[in-house]
Amino acid sequence: MRDFFARLPACRIGLEACGSAHYWARELTRLGHDVRLMAPQFVKPYVKTNKTDRADAEAICEAVGRPNMRFVPVKSAHQQAVLALHRVREARIKARTAQSNQIRGLLGEFGIALRQGLATLYREVPQVLEDGENGLPDVFRELLGDLLERLRALDAEVKALEGRIKAWHREHPISRRLEQVPGIGPVTASALVASIGDARWFANGRQLAAWLGLVPRQHSSGGKENLLGISKRGDRYLRMLLIHGARSALCADARREAGADQWLAGLRERRCANIAAVALANKNARIVWALMAHDRDYQPDYTRQGAA
């Protein structure tokens, strides 16, 4: 296929953003073509008949020529490598959580209830194994010891991956710049930089927040606006990091006796904790766009020029 496109005169090529799409977009761009990636849900409405390769190709050709089509930025190999670290870390965290839940569930079958948290398991499971009067069979004791070692191994893998992510973060100036925003740490900053790439693909911060699914869904008709919950579109992982970081920032601001953020204080008074966290995550997403698109440093007391 590469030989075919190498002989083809330079033209615009449309691709659905799916597995290996970014790789082929980079390869075809090197051959001089103008490659445009599109989300599959934006291509689907142009399929006029049953799903076939010919019908899909016709739909892609029709969609890539639309003037208002939204395209997906092509990620570099370096961006994909950093995101691979995040994806593997997320998978290890899920496996660690599943392992800890399994240990508590199995112990519950023998009448031993443990609280949630890895620290609780590391502290109390060895005590359960050493207690010879709790009536646990030897077979189960051996199994429980193996499960605890597996949990420790998963925890060590998560920490090792976080260390590699933080090492990349320390070497990347844009990622370090994003870390200055309250509610954004090294993990979130590195994930944002690797996922967004060039923030100038977005016209403004509102578009970036919408891309992350942090804006309300609309069900408006007849000139009457009806706003629902957040759209939850885009990358779920990035949205989760921003919202959890916002929760942490809200808790830290509530504990601060002097110099608390007046905007956050008013937000906590008007809205519940979940809405306040999403609102702060939305604000942080817009700040991230401004810092990346205009190459600025974070200023807590920044005021837009010309604002009243």
Any pair with Cβ under 6 angstrom, 6 or more apart, that starts in segment 53-65 at a residue that is without any contact (Cβ under 8 Å) to a residue 60 or more places away in the chain and ends at one that is in a helix (DSSP H, G or I): Ala59/Val43; Ala59/Tyr46; Ile60/Val43; Glu62/Tyr46; Ala63/Val43; Ala63/Tyr46
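Sort through Ala246, Ala265, Ala277 and tell me the only one that's farther than 23 Å from Arg206 by Cβ, of a type in the set (A, V, I, L, M) and either in contact with a helix residue (DSSP H, G or I) (Cβ under 6 Å, 6 or more places away or on another chain) or in the same structural domain as Val193 (by TED's automatic domain parsing) (or both).
Details: Ala246 fails: farther than 23 Å from Arg206 by Cβ; Ala277 fails: farther than 23 Å from Arg206 by Cβ.
Just a single option satisfies the conditions, and that option is Ala265.
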Tally, over segment 160-216, of residues that are in contact with an Asp or Glu (Cβ under 8 Å, 6 or more places away or on another chain), of a type in the set (S, T, N, Q) and under 21 Å from Ser248 (Cα atoms): 1
Candidate set from segment 1-31 (those that are modelled with pLDDT under 90 and under 29 Å from the mean Cα position of the chain (by Cα)); member that is surrounded by the most Cβ atoms within 10 Å (Cβ to Cβ): Cys18
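The values are calculated or read from the model by the stated rules, or taken from the named source; none is laboratory data. Predicted model only: the values in this text are computed from it and were never measured. Because the Cβ atoms are built from the backbone with ideal geometry, glycine has one as well, and the counts that use them run over all protein chains shown.
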